[in-house]
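Undergrad: Dropping a structure here in structure tokens format, bear with me for questions.
Readers should treat all values here as calculations from the given coordinates under stated rules, not as data from a laboratory. What you see is a predicted model; the values in this text were computed from it and never measured. Cβ placement follows ideal geometry from the backbone for every residue including glycine, while neighbour counts extend to all protein chains displayed.
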Amino acid sequence: MNFSRDTPPLSNQRIARESMTTLKNTWIGLAALLILQSLWLEASYSQVSANPALGDEISKQESIFQSRGAQVPDGYSIDRSLEEYALALPSGFDSALAQLGPGDRWLDIGAGTGQAILDYYNSDYDLMHWEGRERRGRKAQAVAISIEDRRTPRWQQDAAALGAGKIAYLFDRRLREYSQEELGLFQVITDVIGGFSYTENLSLFVEKVLGFLDLYGSFFSLLQDVHSEEGTNRPHYAGAPFLTEITNTDGSKAKVCSWLKSITCVQVSCEFKATWKPPIEAFRVRKICSDVRVPPLALIHYNAGTPPERRFQVGHPSPAAAGMTSAPR
Ligand SMILES: C[S@@+](CC[C@H](N)C(=O)[O-])C[C@H]1O[C@@H](n2cnc3c(N)ncnc32)[C@H](O)[C@@H]1O
């Protein structure tokens, strides 16, 4: 099973170099520089100031987000269907979504064109999910979040036809920039190669997700090419590291699944899908009480790509180690 258009690390470097060339010649360069200014403040400033290379990589990543037309890298897949979501996410996702009624809400973080949400509102969805249709009635409200605006004419048409309040598309901000007052609570939150795969601040990202999750609601997501809970797999590309890695303070490696399980007030299940290329691990994080505490992670490596290669270390970096002038956020 292929999970569309992931790129190996070498291609990541190619994308990064291409972006740099493009930067010199187009408006993207200007836009990326302006956005970078705010990112420097917003991303973990101390980590970036301690390691200027991180700033370059975050800038390259921004140019991938803002790419349009022919400049969109092959690996940057923005229009996965709801069926692709259901295949990739943990087995409980399809029924959790089908259980939602008109009083419920679904948030899709990193929605791209929002195709999965459009599919949910298509009448074919009801034909394929007959059970519970009467109870479901007019379906849940669905909210898409994306850094860049990838809405298509189809999105605009469907949103107009559905009427106010059924589907919404928010852009120009990252998840961490929204407050709970603005977004409210959701019973189902998904992220398919969105912020969970791209963020440079994984612990803050998960903290925000769990803040937007209603009690007993579930967050469904996945990562490509990570060390699985069972620990039986190796990095997909020979000679390359896993795409997302976590290192303990003593230098030993932690698995993403174990780190998620160390969060308080959640139940976590991890499903490794070894036959996918690259293999993926799908996660379900169910919120079971309100006192959620997410163990902090510090960014120590970020290589722009689709998705980026990232390494985090458990705990905040010490001020001395990071050469910080201010406390980490
Ligand atoms: C590769 S596309 C995936 C689109 C869609 N989920 C799909 O599978 O077709 C990545 C998406 O994640 C979004 N994204 C990345 N980091 C994000 C963040 N921190 N907050 C919100 N959206 C983010 C991008 O703007 C983009 O919409």
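Undergrad: How far apart, in nm, are the 7 Å Cα→Cβ label points at Glu134 and Glu230?
TA: 4.2 nm
Undergrad: Here's a follow-up. What is the dipole size for region 122-264, taken about its Cα centre, with +1 at each Lys and Arg Cβ and -1 at each Asp and Glu Cβ, in debye to the nearest 20?
TA: Here the size comes out at about 280 debye.
Undergrad: Over region 198-329, what is the mean sequence separation of C-alpha contacts under 8 Å (at least six apart), divided by residue count, expressed as relative contact order in percent?
TA: 28 percent
Undergrad: All other residues with a Cβ under 11 Å from the Cβ of His301 taken together, and with Lys, Arg as +1 and Asp, Glu as -1, what is their net charge?
TA: -2
Undergrad: Okay, next question. Return the sequence-ordered ³J(HN,Hα) values of region 283-289 in whole Hz as given by the Karplus equation 6.51 cos²θ - 1.76 cosθ + 1.60 applied to θ = phi - 60°, using x for Gly and Pro.
TA: Taking θ as phi minus 60°, the curve returns 10, 10, 10, 9, 7, 10, 7 Hz for region 283-289.
Undergrad: Could you tally the net charge around Val209, taking each other residue with its Cβ under 11 Å from the Cβ of Val209, Lys/Arg +1 and Asp/Glu -1?
TA: +1
Undergrad: Region 108-200: which GluC sites (Glu not before Pro) are DSSP loop and have at most 10 other beta-carbon atoms within 10 angstrom?
TA: Those satisfying the criteria are Glu131.
Undergrad: Can you pull the one-decimal nm distance between simple spin-label points at Lys277 and Asp79, each 7 Å off the Cα toward Cβ?
TA: Computed distance between label sites Lys277 and Asp79 equals 2.4 nm.
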